[in-house]
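Undergrad: I'd like to ask you about the structure that follows.
The values are calculated or read from the model by the stated rules, or taken from the named source; none is laboratory data. Keep in mind it's a predicted model, so treat the numbers as computed, not measured. Every residue, glycine as well, gets a Cβ built from its backbone with ideal geometry; the counts of neighbours run over all protein chains shown.
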Amino acid sequence: MSASSRPSPPGGELAIAVVCYPTLGGSGIMATELAVGLVRRGHRVHVIASAPPSRPLPECSRLFFHEVSVPNYPLFDQAPYMLALASAIANVTSERGIELVHVHYAVPHAASAYLARQVLGARAPALVTTLHGTDVTRIGADPSYQEITRFCVESSDAITVPSLYLKEQAQRLLGIPPERAIEVIPNFVDTDRFAPPPARDNARFDDLFEVAADRSVTPGPVLFHASNFRSVKRVTDLLEVLARVRRTIPARLLLVGDGPDRAAAEQRARSLGIQRSVCFLGKRPDFVEYLRHADAFLLTSETESFGLAALESLSCGVPVLGYRVGGVPAVVSEDVGRLVEPFDLDALAAAVVSVLSSTSLRQTLGAAARERVLASFRAEPALDRYETLFRQVLATRRERSA
């Protein structure tokens, strides 16, 4: 049954606004995946963002997109996105009968939602804030933003995080008291879309690396990485690791995404002399068709609250190799990949060589990865928990106003 034809769910249809960043990154992806999942369950969802999400929203009579219009006046050095977003939230919620606003990434979305609720007064919707990582560990913890971030997050009717690690960081860095409930709802993945292929076809990468035209590029196993190329992702580490791996194995590296550190990564590949073995694919909505045929996924982040890209790889049966940081160990266990101490390039390269050198090990890790995702990270259980949380929040608000 299509999302548009599905009957209202038990307990009635919810009218929800989801606020997120549109750029490639875990918070925006999870926000839009959640929106689509809720629509398929019969709810009405309005996505509010500064641009269309990086993963296109399907056309559906219950799913709406509202682009935030940010004025560009000469007076402002930077456009006042927070105020424009607050206005958009207030307008959409009042005009469309929104009962609950779910903001993803605290800065500045929680502040914008708080301001919108002040404007709406008695007509204000409930507010749920989901923290995602650097909105706590970096931006939110910065003294310039810490107090306002803490206040706005605590003003929410409910707070969720994708991992126990991030819950602990929110309590420590933002000063959220232990008695304040923070619900841990792990990220999820569409296991139908992110699934192993019937047969892996490594040759599909040859055109990307121009193997046919350049005989100096030896076909070899393919390492995969996807991110927003921010400094926290340490993308130049990927090139350092590949250079070490290629001393033993003619591995290649495919990178999907874009961001501020892409130019530095391209330059590092050239300086290491491995540029012909590296492909920067850019933003590709269809990247899963390459990911599912990769031999391993590399994750070199300085910190990760969860690691959604790693989860998507595991769902495709692709082992994950990276640094043991943040919430990553809760996703990548030793039976589905390999984690090493942060920033130890030699250790990570050795782990990559170990996995790529053994077809049987790679297949064993990949099969276990798929099973782990099916057992613990499917969409439906997560949607159940969000749906239950939303109904509880709304019921509590009704009781208080009665």
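Undergrad: Return the only residue of Gly326, Gly317 being among the small types (Gly, Ala, Ser), surrounded by fewer than 23 Cβ atoms within 10 Å (Cβ to Cβ) and either assigned to a loop (DSSP other than H, G, I, E, B) or under 15 Å from the mean Cα position of the chain (by Cα) (or both).
TA: Details: Gly317 fails: surrounded by fewer than 23 Cβ atoms within 10 Å (Cβ to Cβ).
The unique qualifying residue is Gly326.
Undergrad: For a quick check of your reading of the model, give me the residue pairs whose first member lies in the stretch 379-402 and is assigned by TED's automatic domain parsing to the domain that holds Ala122 and loosely packed, with under 14 Cβ neighbours inside 10 Å, whose second is part of a helix (DSSP H, G or I) and aromatic (Phe, Trp, Tyr), with beta-carbon atoms closer than 7 Å and at least 6 apart or on different chains.
TA: The qualifying pairs do not exist here.
Undergrad: Still on this structure, I have one more. Of everything in the stretch 155-164, what is more than 17 Å from Phe188 (Cβ to Cβ) and either crowded, with 18+ Cβ neighbours inside 10 Å or not assigned by TED's automatic domain parsing to the domain that holds Asp142 (or both)? Give them in sequence order.
TA: To start, the set of residues in the stretch 155-164 that are more than 17 Å from Phe188 (Cβ to Cβ) comprises 155-159.
Within the stretch 155-164, Ser156, Asp157, Ala158, Ile159 qualify.
Undergrad: So which residues in the stretch 132-153 are over 14 Å from Ser112 (Cα atoms) and either β-branched (Val, Ile, Thr) or surrounded by 15 or more Cβ atoms within 10 Å (Cβ to Cβ) (or both)?
TA: Taking the stretch 132-153 as the starting set, the residues that turn out to be over 14 Å from Ser112 (Cα atoms) are 132-144, 146-147.
Within the stretch 132-153, His132, Gly133, Thr134, Asp135, Val136, Thr137, Arg138, Ile139, Gly140, Ala141, Gln146 qualify.
Undergrad: Sticking with this one: Return the pair list, or none, for Cβ contacts closer than 6 Å from residues in the stretch 188-215 that are crowded, with 17+ Cβ neighbours inside 10 Å to residues that are modelled with pLDDT of 85 or more and of a type in the set (D, E, K, R), at least 6 apart or on different chains.
TA: Note: pairs meeting the criteria are Val189/Glu312; Thr191/Arg378; Phe194/Glu312; Phe209/Arg252.
Undergrad: If you take the residues of the stretch 336-375 that are assigned to a helix (DSSP H, G or I) and among the basic types (Lys, Arg), which of them is nearest to Pro196 (Cα to Cα)? Working first, answer last.
TA: From the stretch 336-375, those assigned to a helix (DSSP H, G or I) are 345-356, 359-375; that's our starting set.
Adding the requirement that they be among the basic types (Lys, Arg) leaves 362, 370, 372.
Numbers: Arg362: 13, Arg370: 8, Arg372: 13 Å.
Checking each candidate, the answer is Arg370.
Undergrad: Scanning for something modelled with pLDDT of 95 or more, touching a helix residue (DSSP H, G or I) at 6+ places or on another chain (Cβ under 8 Å) and either surrounded by fewer than 15 Cβ atoms within 10 Å (Cβ to Cβ) or among the small types (Gly, Ala, Ser) (or both), does the stretch 60-71 turn up at least one residue?
TA: no
Undergrad: Next question, about the same structure. Select from the stretch 222-252 the residues that are more than 26 Å from the chain's Cα centre (by Cα) and not hydroxyl-bearing (Ser, Thr, Tyr) and write down the one among them that is farthest from Leu311 (Cα to Cα).
TA: Arg247
Undergrad: Right, another one. Identify the residue in the stretch 329-358 that is without any contact (Cβ under 8 Å) to a residue 24 or more places away in the chain and acidic (Asp, Glu) and, among all such residues, is surrounded by the most Cβ atoms within 10 Å (Cβ to Cβ).
TA: Asp344
Undergrad: Might you check whether a residue that is touching a Gly at 6+ places or on another chain (Cβ under 6 Å), touching a residue at least 12 places away in the same chain (Cβ under 8 Å) and part of a helix (DSSP H, G or I) occurs anywhere in the stretch 91-106?
TA: Going residue by residue through the stretch 91-106, those that are touching a Gly at 6+ places or on another chain (Cβ under 6 Å) are 106.
Going one step further and asking which of them are touching a residue at least 12 places away in the same chain (Cβ under 8 Å), we end up with 106.
When the remaining residues are screened for being part of a helix (DSSP H, G or I), the result is 106.
So far as the stretch 91-106 goes, yes, one or more of its residues are touching a Gly at 6+ places or on another chain (Cβ under 6 Å), touching a residue at least 12 places away in the same chain (Cβ under 8 Å) and part of a helix (DSSP H, G or I).
Undergrad: In addition: Examine the stretch 234-247 for a residue that is exposed (fewer than 14 other Cβ atoms within 10 Å of the Cβ), at pLDDT 95 or above and of a type outside the set (A, V, I, L, M), and state whether such a residue exists. Break it down into steps so the answer makes sense when it comes.
TA: Start the filter on the stretch 234-247 by keeping residues that are exposed (fewer than 14 other Cβ atoms within 10 Å of the Cβ), which leaves 247.
Imposing the further condition that a residue be at pLDDT 95 or above reduces the set to 247.
If we keep only those that are of a type outside the set (A, V, I, L, M) too, we end up with 247.
Checking the stretch 234-247: at least one residue is exposed (fewer than 14 other Cβ atoms within 10 Å of the Cβ), at pLDDT 95 or above and of a type outside the set (A, V, I, L, M).
Undergrad: I've got another one for you. For the stretch 208-306, give me every one of the strands (runs of 3 or more DSSP E) that falls completely inside it and has 1 or more residues that are among the aromatic types (Phe, Trp, Tyr) and not assigned by TED's automatic domain parsing to the domain that holds Thr23. Can you show your working first?
TA: Working: elements: 222-227, 252-257, 278-282, 296-299.
Output list reads 222-227, 278-282, 296-299.
Undergrad: Working only within the stretch 149-171, note down all residues that are part of a helix (DSSP H, G or I), under 14 Å from His109 (Cα atoms) and touching a helix residue (DSSP H, G or I) at 6+ places or on another chain (Cβ under 6 Å).
TA: Taking the stretch 149-171 first, the residues part of a helix (DSSP H, G or I) are 149-154, 164-171.
Restricting the remaining residues to those that are under 14 Å from His109 (Cα atoms) gives 149-154.
Result: Thr149, Cys152, Val153.
Undergrad: Here is a check on your reading of the model: is Leu85 in the same structural domain as Ile48 (by TED's automatic domain parsing) and in contact with a Pro (Cβ under 8 Å, 6 or more places away or on another chain)?
TA: Values: in the same structural domain as Ile48 (by TED's automatic domain parsing): yes; in contact with a Pro (Cβ under 8 Å, 6 or more places away or on another chain): yes.
So Leu85 passes the test.
Quick grid of which residues meet (1) closer than 26 Å to Phe377 by Cβ; (2) modelled with pLDDT of 95 or more; (3) more than 21 Å from the chain's Cα centre (by Cα):
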residue: Pro108; (1), (2), (3): no, no, no
residue: Gln118; (1), (2), (3): no, yes, yes
residue: Asp135; (1), (2), (3): yes, no, no
residue: Arg138; (1), (2), (3): yes, no, no
residue: Ala141; (1), (2), (3): no, no, no
residue: Thr149; (1), (2), (3): no, no, no
residue: Glu183; (1), (2), (3): yes, yes, no
residue: Phe188; (1), (2), (3): yes, yes, no
residue: Thr191; (1), (2), (3): yes, yes, no
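Undergrad: Right, Val332: of a type in the set (A, V, I, L, M) and either assigned by TED's automatic domain parsing to the domain that holds Val136 or part of a loop (DSSP other than H, G, I, E, B) (or both) or not? Walk me through how you get there before you give the answer.
TA: Details: of a type in the set (A, V, I, L, M): yes; either assigned by TED's automatic domain parsing to the domain that holds Val136 or part of a loop (DSSP other than H, G, I, E, B) (or both): yes.
Yes, satisfied.
Undergrad: Closer than 24 Å to His43 by Cα, assigned to a helix (DSSP H, G or I) and at pLDDT 95 or above: is that true of Val393 in this structure? Break it down into steps so the answer makes sense when it comes.
TA: On the way: closer than 24 Å to His43 by Cα: yes; assigned to a helix (DSSP H, G or I): yes; at pLDDT 95 or above: yes.
Considered against the rule, which asks whether it is closer than 24 Å to His43 by Cα, assigned to a helix (DSSP H, G or I) and at pLDDT 95 or above, Val393 comes out as yes.
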